[in-house]
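Heads up, the thing below is written out as structure tokens.
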Amino acid sequence: MKKQILVTFTLFFVLGFIVSILLSLDKERRIKMYLENQLLMSSTQFDVTYKNYNNLSKSIYNNILTDSEIVGLIDEASTTTSKETQDKLRLKLQSSLTHIYQNWNAIGINQLHFHLKNNVSFLRMHAPSKFGDDLTKARYSVATVNKTLQPIDGLEMGKIDNGFRFVYPLFNSNKHIGSVEVSVSVIDFLQKIEDSFHAKVGFSINKQVIEHLLVHSEVKNMYELSPNSPYYLRLKRDIGKYGVTQIPKNIRNEISQKLLQNKPFYVYYKTKSGDSSVITFLPIKNVQGNRAIAYIAKHTDGKYIDELESDYYLVLAMMLIILAGILFYGYKDYMYKKNITKSFDTIRVQKEELAHSVEELERQNIQITASIDENRKKDNLIAEQSRLASLGEMIGNIAHQWRQPLSAISTSASSLSVQNELGILNPNELNPALNKIIEKTQFLSQTIEDFRNFIEGKKEKKEFVISSAIDNALNVIDSSIANSQIIIKKDYAEIIFINNFKNEFIQGILNIINNAKDVLNERNENIEKVIFISVKKFKNKAIVTIQDNAGGINADILSRVFEPYFTTKHKSQGTGLGLYMTHQIITTSMGGNLLVDNHEFIHNDNRYFGARFIIELLITNANETNMKDEEADA
């Protein structure tokens, strides 16, 4: 009997050890997956912020390049040798840009710097009194752009401060006249990430890169030696913000070693309070793009890791209890069979049934454990993807819808400023221009509210005319459509009222038209580019048809165009969420139907072939909608 007890206990400890090892390996795998997702999320947040500033700098550059007065002043300054003439031209350029630069500064642009083609600083809008210094050795980006006549961007040290710089060549009638730099400081860049994503981020830079600038009090007051590595300096703004002092010494040593590898990495550790904390590190390359000179560190609480560890011990305890029960039952069964030498058939049948029940219980237990693990993994993945997709959709669509209104506001404001300075401002043209700026500003504000309501579920149904809503959408992108030389053909058979989500309907129309515009712009054929829009009523439904002559959608992918993340564009041009979001709006939010096919039609005696999107929406008035909503609530 003692021998059997010893064997049972030995078996219990061996099996318990194996179970604990397997559960531990699964826990570590889940933690690693979570940390990799955090690193991917940090990279995505950086890329989104950087791309927003890059797009903004391109818009500013395009506004400058298309302003003949600005280009003319730079051209004249680059050709004259008279210092007095350059001073007059500089003051005139500063005066013409003061108002619009204030607007750019308000949306995060810190510096607007003009350089002559010999790399000499001509005008710093952020420091107008500093000019005339040769930037050939101090600023790689300026020298390279004026040499190669190609734009360049990235993180670069200046004479005092560092920042993310976007430098473009300037031309006047294809003649190179200099360059212009649009910059955002590192501190404002970090603040943008924190404000946009509610993140906690810090910045560390290689000491060798900035060491020669520490003689300046401005730089010395901005940085101090990083507690994580003797080779890096950190911003003083980060002191005491994210609990850096709680990082254990061994983790700091690990961080110090990995910082030298110039690769993305992550660490996690336990704070003094026993909670987990996660830090992801993203390397930032210099403007030359040949090596990493800084890191952006994102600090995140590790509640998910704490939950995994808690689940690990809970499941381990449950498994050990089950294992103990099984072994105890096996031991009792063994002793029972040993003591009973002769059994009746009934007892033998009962014993076999009991053994079968034990096997079934073990099998069900394994299936339940596997099912719990699989469901937890799916739930976590779906929740993560849903959050990232909603965030990506909001940022992408806001950026897409803001580009044209911002350009329109900038153009109107610049035109009024120039006319006023030249004394040719017509009072009769002032109010329409100001009204247009106010209208575009209100649209920008409404766009943010609409997308926030869509993601947070705050929706409001109201009665509207479908054709008017389509015209509202077209008004947003009329300049973009005109620049693309696309003709909009409208056929509004009748005025149709529906009670539904107007703003979401406009967003869906915008996504479809923008998609058609992008495809039409990609075509090289010298043909008329047309988008047809029709509205008609069929029984109790409103039918909206949008079709183009861009050649249609490949039959192999036609059935996938409404899938999330599916796109035929380059990753820098599309996320694959536009048509998916439109499908969700029309079918889920508005209770309609969205179809797509390829359609052949005739226009101006020419035969065309292209994609056709058909929207079907039920026609209901406000009272009918309210009654249905009340019935649904009941």
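A cut-off under 14 angstrom between Cβ atoms defines the neighbours of Ile495, and their net charge, with Lys, Arg +1 and Asp, Glu -1, is -1. Each distinct pair of alpha carbons in region 461-611 adds a 1/r term; the inverse of their mean, the Kirkwood radius, is 16.2 Å. Summed over all non-identical Cα pairs, the Kirkwood treatment of region 128-223 gives a radius of 15.2 Å.
Between the helical axis of 83-106 and the longest alpha-carbon principal axis of the chain there is an angle of about 40 degrees. Packing order of peptides 56-68, 581-593, 308-320, highest average first: 581-593, 56-68, 308-320 (average count of other Cβ atoms within 10 Å over each peptide's residues). Counting only aspartates and glutamates at least 8 places from Lys377 when in the same chain, those with an alpha carbon closer than 19 Å to its own are Asp26, Glu28, Glu36, Asp306, Glu307, Glu309, Asp311. Given in Å, the Rg to one decimal and the Dmax to the nearest whole number for the Cα atoms of region 581-620 are 13.7, 40. Across region 472-532, the convex hull enclosing all Cα atoms gives 79 Å³ per residue.
Directionally averaged projected area (region 1-150, Cα convex hull): 15.2 nm². Spatially close Lys pairs in region 268-361, defined by Cα atoms under 26 Å apart and a spacing of eight or more places or different chains, total 10. Enclosing the Cα atoms of region 66-182 in their convex hull gives a volume equal to 101 cubic angstrom per residue. Using only the C-alpha atoms, the convex hull of the chain corresponds to 248 Å³ per residue.
On the chain, 54 percent of the accessible area sits on carbon and sulfur atoms, based on a 1.4 Å probe. Rounded to the nearest 0.05, the FRET efficiency derived from the C-beta distance between Lys175 and Ile438 at R0 = 45 Å is 0.70.
Leaving out ligands and nucleic acids, note down the accessible area per residue over the chain with a 1.4 angstrom probe, in whole Å².
54 Å²
Please report, largest first and rounded to whole Å, the three semi-axes of the ellipsoid equivalent to region 15-76, where each semi-axis is the square root of five times an eigenvalue of the C-alpha gyration tensor. Semi-axes from the Cα gyration tensor: 58, 6, 4 Å.
Kindly express, to the nearest 10 degrees and within the range 0 to 90, the angle between helix 303-339's C-alpha long axis and the longest C-alpha principal axis of the chain. For 303-339 against the chain, the angle is about 20 degrees. Against the chain, whose longest principal axis comes from its Cα atoms, helix 2-65 is set at around 10 degrees. As a length-normalised measure over Cα pairs under 8 Å and 6 or more apart, the relative contact order of the chain settles at 9 percent.
The values are calculated or read from the model by the stated rules, or taken from the named source; none is laboratory data. Quick caveat, the model's predicted, so the values are computed rather than measured. Cβ sites come from the backbone with ideal geometry, for glycine too, and all protein chains shown count toward neighbours. Accessible surface is based on the protein model in full, side chains and every heavy atom, while ligands, DNA and RNA are left aside. Shrake-Rupley method; radii C 1.70, N 1.55, O 1.52, S 1.80 Å.
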